[in-house]
Amino acid sequence: MAELCAPDAAAFAALAGRLGADRVSLAVDTRERYAEDESTRLHCAPWAVVRPRSAEEVGATLAWAAAGRFPVVPRGAGTGVAGGAVAVGGGVILGLERLDRLLEVDEDNLTLTCEPGVVTARIHQEAEARGLFYPPDPASFESCSIGGNVAVGAGGARAVKYGTTRDYVLGAELALADGTLLELGSKNVKDATGYHLLGLMIGSEGTLGVITRVTLRLLPLPRRRAALLLSFADLAAAARAVTGLLRARVVPAVAEFMDDVTIAAARRYLGRDLPGGAAAGAYVLLELDGDDAAAVERQMVRVGAVAEEHRALDVLAAEDPGQQARLWESRRCLGEALRAWSPEIGKADVVVPRARVPELVGAVKAIGAELGLTAACFGHAGDGNVHVNLLRHQLADDAWQARLPRAMDRVMDATRRLGGLPSGEHGIGVLKKPYLERFLPPRSVELMRGIKAAFDPQGILNPGKVL
Ligand SMILES: Cc1cc2nc3c(=O)[nH]c(=O)nc-3n(C[C@H](O)[C@H](O)[C@H](O)COP(=O)(O)OP(=O)(O)OC[C@H]3O[C@@H](n4cnc5c(N)ncnc54)[C@H](O)[C@@H]3O)c2cc1C
C-alpha cells in the first residue's frame with residue numbers, strides 16, 4: 001500500500017474552490033470539536049474538517065483525497081465509543097451531519113429513505129407518526145446518526161426480538177474510495193443477486209466506503225406496550241428467569257439486566273430506594289409489546305408465572321407511559337450514575353451466548369476483585385451483550401494505568417473462553433483492535449484485508465481502524 005500524505009494549503013484551497021469555502025474548515029476551534037468521540041479515550045485534532053452538503057460533494061472530496069493519497073475519516077455524530085470517528089495518526093474529518101434530509105417514507109413498500117446525517121430519533125418519530133416502526137434503538141438514539149448506526153451495525157435494547165440495524169438496511173448509496181457513487185441493494189425485500197456487498201458495508205466502520213443515503217425497512221407499529229421490572233437475589237437467578245421466559249415462548253421486545261453494583265450506582269444517583277430493597281442483587285427490565293391489550297396481557301401472565309418459578313423478589317408492572325418511564329429510570333440513568341461515582345471508567349461491550357451471561361459477569365467480578373477495580377455490569381440479557389465497566393474510584397494514576405489494560409485483557413480472555421466476541425454493538429474502531437485477531441481465525445482476518453484492499457487500494461478510508 002502506498003504511503004499516505006498530508007494535504008498542503010494549496011490542496012485545501014483547491015478543495016474549498018471545488019466545494020465552496022464554507023465546506024472546508026482549518027480553524028483550530030472546529031478541528032478541536034472533532035478531536036474526540038464519546039469514548040473520550042483519544043484526543044487527535046484532525047488536519048481539517050470537511051462538511052459536504054450532498055452525495056456528489058462527498059464523492060468530490062474522496063476523489064480529491066484519492067488523487068493526493070490523503071487519509072479521510074468519515075464521521076456521523078461522533079457518539080461512537082471505539083475511537084472509529086477520531087483521526088488517529090492525522091487525517092481529514094469528513095463530517096456527514098449536513099446530509100440530513102429525510103427523502104421519503106414509502107407506505108406501500110414500508111421503507112424510509114434518508115441521508116446519513118439524520119438523527120436516529122427522527123427516524124423513530126417519522127415512522128411512528130404514520131403508525132410504522134423502526135425498531136433499532138441504540139441508547140444514544142437522540143444524538144447518533146443513521147449513517148453511524150449503519151457503519152457500526154449498531155444494536156439497542158430491542159435486538160432480542162427485532163434484531164439490530166443490520167436487519168433493517170435494504171439499500172444504500174455509497175461514495176467509494178475513488179469518489180464514485182454506487183447504489184447497493186434497493187427496495188426489494190428479497191435479493192439473491194450475487195455477493196451481498198451491502199451486507200459488507202454494514203459494520204465496516206467507514207473503512208470501505210462512505211454511506212451517503214440509506215433505505216430502511218419499516219414494520220407496523222405495535223399498538224400496546226407494557227414495562228416490567230423484576231428484582232432477584234442475584235444475577236444467576238435473573239439470567240435463569242430470562243432463559244425461562246424464552247422457554248415459555250415469551251420473546252420480550254426488551255430484556256435488560258443490571259447487576260448489584262449498577263443498582264447501587266443508580267440508587268446513589270437517584271437518591272431514593274429502588275424496587276427489591278437492599279436484597280436486590282440483580283434486575284431484569286422487560287418491555288412487552290403486541291397489537292392489542294389482550295396480546296400483552298397474555299405475555300404478562302406468563303412473565304408472572306416465570307418470575308414466581310425463579311423466585312423473583314419483586315415484580316412491578318407499568319402500562320401507562322409515565323409509569324413505564326419511572327420503571328426505566330434506573331436503567332436509563334446508568335451512564336451518568338456510574339460516571340458520577342467514578343469519573344474514569346474502562347469499558348467493554350462484549351457478547352456471549354445468552355445463557356453464559358452469569359458466568360461472564362462472575363469472571364469479570366473476580367478479575368475486578370483481584371486487581372482492585374470495581375466491576376459493574378449491565379446490558380442486554382436477551383441477547384448476551386454485556387456492558388462491562390471497570391471503575392477507577394480513588395486508585396492512584398500509575399496503578400490505574402497499569403491495571404486497566406491487564407483487567408481488559410483478562411475480560412477478553414474470559415469472553416473468548418465462553419464462546420463470545422469482543423464487540424456486540426459498538427464496533428472495533430481503534431480501541432478494540434488489539435482483540436480482533438485474538439478472536440477471529442487468521443484466514444478470516446486475511447480475507448478481510450483482501451476486501452479492504454479491493455474497496456480501498458490506497459488505504460485512504462479511515463486508516464488504522466478495525467484491521
Ligand atoms: C450514551 C451512549 C449510549 C450508546 N448506546 C449504544 C447502544 O445502545 N447501541 C449501540 O450500538 N451503540 C451505542 N452507542 C455508541 C454509538 O452511539 C453508536 O455506535 C452509533 O451508531 C454511532 O453513530 P454516530 O453517528 O455517532 O457515528 P460516529 O461516532 O460519528 O462514527 C462511528 C463510526 O462510523 C463511521 N461512520 C459514521 N458515519 C458514516 C458514514 N456516513 N459512512 C461511513 N462511515 C461512517 C465512522 O468512521 C466511525 O468508524 C452509545 C453511545 C453513547 C455515548
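The values are calculated or read from the model by the stated rules, or taken from the named source; none is laboratory data. Small disclaimer: the values here were computed from a predicted structure and weren't measured. Cβ: placed from backbone, ideal geometry, glycine included. Neighbour counts: every protein chain shown.
The set of residues in region 245-284 that are charged (D, E, K, R), in a helix (DSSP H, G or I) and under 21 Å from residue 324 (Cβ atoms) contains only 267. Just so you know, in region 60-101 the residues that are part of a strand (DSSP E or B) and more than 19 Å from the chain's Cα centre (by Cα) include one that is farthest from the ligand (Cβ to nearest atom), and it is 92. Evaluated against (1) more than 8 Å from the ligand (Cβ to nearest atom); (2) closer than 30 Å to residue 346 by Cα; (3) touching a Cys at 6+ places or on another chain (Cβ under 7 Å), residue 48 falls short on exactly one condition, (3).
Contact map, region 37-59: first residue acidic (Asp, Glu), second residue part of a helix (DSSP H, G or I) and more than 13 Å from the ligand (Cβ to nearest atom), Cβ cut-off under 6 Å, separation 6 or more or different chains; pairs are 57/19.
Rundown of residues vs (1) within 12 Å of the ligand (Cβ to nearest atom); (2) touching a strand residue (DSSP E or B) at 6+ places or on another chain (Cβ under 7 Å); (3) touching a residue at least 24 places away in the same chain (Cβ under 8 Å), yes/no style:
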{"position": "432", "(1), (2), (3)": "yes, yes, yes"}
{"position": "444", "(1), (2), (3)": "no, no, no"}
{"position": "450", "(1), (2), (3)": "no, no, no"}
{"position": "460", "(1), (2), (3)": "no, yes, yes"}
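Go through region 9-44 and report how many residues are more than 16 Å from the ligand (Cβ to nearest atom) and either at positive phi or in a loop (DSSP other than H, G, I, E, B) (or both). Counting residues in region 9-44 that are more than 16 Å from the ligand (Cβ to nearest atom) and either at positive phi or in a loop (DSSP other than H, G, I, E, B) (or both) gives 3.
Of the set (1) in contact with a Leu (Cβ under 6 Å, 6 or more places away or on another chain); (2) closer than 29 Å to residue 445 by Cβ; (3) free of Cβ contacts under 8 Å to residues at least 60 places away in the same chain, all apply to residue 407 but (3).
Where strands (runs of 3 or more DSSP E) fall wholly inside region 332-429, the ranges with 2 or more residues that are farther than 19 Å from residue 38 by Cα and not small (Gly, Ala, Ser) are 374-380. For region 102-119, the criterion of a residue being within 11 Å of the ligand (Cβ to nearest atom), modelled with pLDDT of 95 or more, β-branched (Val, Ile, Thr) and under 20 Å from the mean Cα position of the chain (by Cα) is satisfied by at least one position. From the list 270, 246, 286, the lone residue that is surrounded by 16 or more Cβ atoms within 10 Å (Cβ to Cβ) and within 17 Å of residue 331 (Cβ to Cβ) is 286.
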